[in-house]
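To start, the structure itself, in structure tokens.
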Amino acid sequence: MDFPYSRLRRWPDVEADNLQAYDATDLLLVDRALSLGVDGREIAVIGDEYGAITLALTDAGLDGVRVHQDLATGRRALARNAAELDLAGFSSHELESSLLAGARLVLLQLPKALAELEEVADAVARWAAPDVVLVAGGRVKHMTIAQNEALGRSFAEVRAERAERKSRLVVASAPRPVPAEPPFPVTARHDGLTLVAHGGAFAGAKLDIGTRVLLDALGLDRSRLGANATESAENTPNRPDVTRSSGVMGGERPSSAPTVVDLGCGTGALAASYALAHPESRVIATDRSAAAVASARATMVANGVDDRVVVTHDDAGSEIDGARADVVLLNPPFHLGSSVHTGAATRLFEAAARILRPGGELFTVYNSSLGYRAELTRLVGATEQLERTPKFTVTRSVRR
Ligand SMILES: C[S@@+](CC[C@H](N)C(=O)[O-])C[C@H]1O[C@@H](n2cnc3c(N)ncnc32)[C@H](O)[C@@H]1O
């Protein structure tokens, strides 16, 4: 019986008429796996967005399929779709040896970032069976020769197949010997701030320009703070004093150390900068990407602030208590998959409104062309512009 792909939902991820919970690449990967006749216990699936591949294989009678999904939303969607279809017998893993040990077939939805593909290819070559075959698929319009080259660094044989239904499979086999140390995470220093990044983390170990504009607007840019960061920050004129306390620009001052949330933390640049500048603070950094969470945890250790920054893998801070936070720092995403869609940012504005106490402050940076100010005012509260560069706008919204 054919698998009921159309019953799959993306929820809790953004849902819209033009966004589906499966695509033609999923179908190609499932067909290929079934035609190869590999035991379910020897199959690993990586990048299964909402569980279509894992659930179709499980539905076809394959038991013991292992799956890795980067996003907390994807993990929740898979669990929900499995419950809805009454399917069990697969297991979820991080990108580590338990996912790949003994795997002879790895099915991969090609990630957008080349660094993420390199990290995955190394992991498969490092931990899977020596005769493993990696079948990677993607939409033809998003595929590049650089992806084949990235696979070629970990596999001696890489063969691109003919496109079908606007998707294409690339088959990699004969894993090459791996270096003693995995190529990721990578580390970079930026004026007193160290960033650590796994392949799938936003901006890698670089400090994003938008992030830098927000740090600068908040007086948290360490290149401007000099050696005694906290003292310098407190003396920086014309900047909101978020390093000293929160609620300073409209809300009541909290009596204890402020609770600060870095919502969609990526590698943790905002959380680490805040914690470095304000030793009394309690910071929660949260992201829906497992690669981001692993990166942010390593960033906190590298900056010596891991005892004061808790990093969580969650969707839009759903596990953070409501109406408690004093400050939320946000550099929201504006691309959803390959389609430009502002739903992802709206979701984080709504989350900030839920997390902040009345009078608490949301500091947001965004591409000026997106004009989020009216939406921030509607969803959070009075919003003023703090800074505007040719490309970015920084706003402060006070939770009503
Ligand atoms: C533009 S990046 C900013 C990363 C980091 N704050 C910085 O400034 O470098 C946006 C981040 O939001 C995360 N994100 C997107 N949607 C999310 C959601 N629903 N819940 C949590 N994180 C989310 C992405 O994974 C990404 O790491």
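What follows is calculated from the coordinates using simple rules that are stated; it is not laboratory data. Owing to the predicted nature of the structure, the values given are computational and were not obtained by experimental measurement. Using ideal geometry, Cβ is built from the backbone for each residue, glycine included, and neighbour counts are taken over all protein chains shown.
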Under the rule of -39500 (n - 2.57) per DSSP H run of 4 or more residues, summed and divided by the residues of the chain, what mean residue ellipticity at 222 nm is obtained, to the nearest 500 deg cm²/dmol? -9000 deg cm²/dmol
Taking neighbour counts of Cβ atoms within 10 Å as a proxy for exposure, in what order, fewest first, do V124, V132, V171 appear? V171, V132, V124
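Quick check: net charge around L134, other residues with Cβ under 15 Å of its Cβ, Lys/Arg +1 and Asp/Glu -1? Please list the in-between numbers first.
Values: positive: R32, R66, R104, R126, R153, R159, R168, R176; negative: E42, D48, E116, E118, E119, D122, D131, E149, E157, E161.
Around L134, the charge tally is -2.
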For the chain, take the longest principal axis of its alpha carbons; what is the angle in degrees between that and the long axis of helix 24-36, to the nearest 10 within 0 to 90? 40 degrees
Return the distance in nm (one decimal) between the two label points of a simple spin-label model at L19 and H142, each offset 7 Å from Cα along Cα→Cβ. 1.3 nm
With a ≥ b ≥ c taken as the square roots of the eigenvalues of the C-alpha gyration tensor of the chain, please select rounded if a/c is under 1.5 and otherwise prolate if a/b is larger than b/c or oblate if it is not? prolate
Violations at 25 Å Cα threshold for listed pairs K112/K166; K206/K391; K141/K391 -> K141/K391
Using only the Cα atoms of the stretch 45-85, what are the Rg and Dmax in Å? 9.3, 26
Kirkwood Rh for the stretch 5-175 from C-alpha pairs, in Å, is 15.8 Å
Final fewest-first order of H190, H198, H313 on the 10 Å Cβ neighbour count is H190, H313, H198
Between V301 and E350, what is the FRET efficiency for a Förster distance of 35 Å, r being their Cβ-Cβ separation, to the nearest 0.05? 0.65
Give the order of M300, M143 when sorted by the count of other beta carbons within 10 angstrom, beginning with the fewest. M143, M300
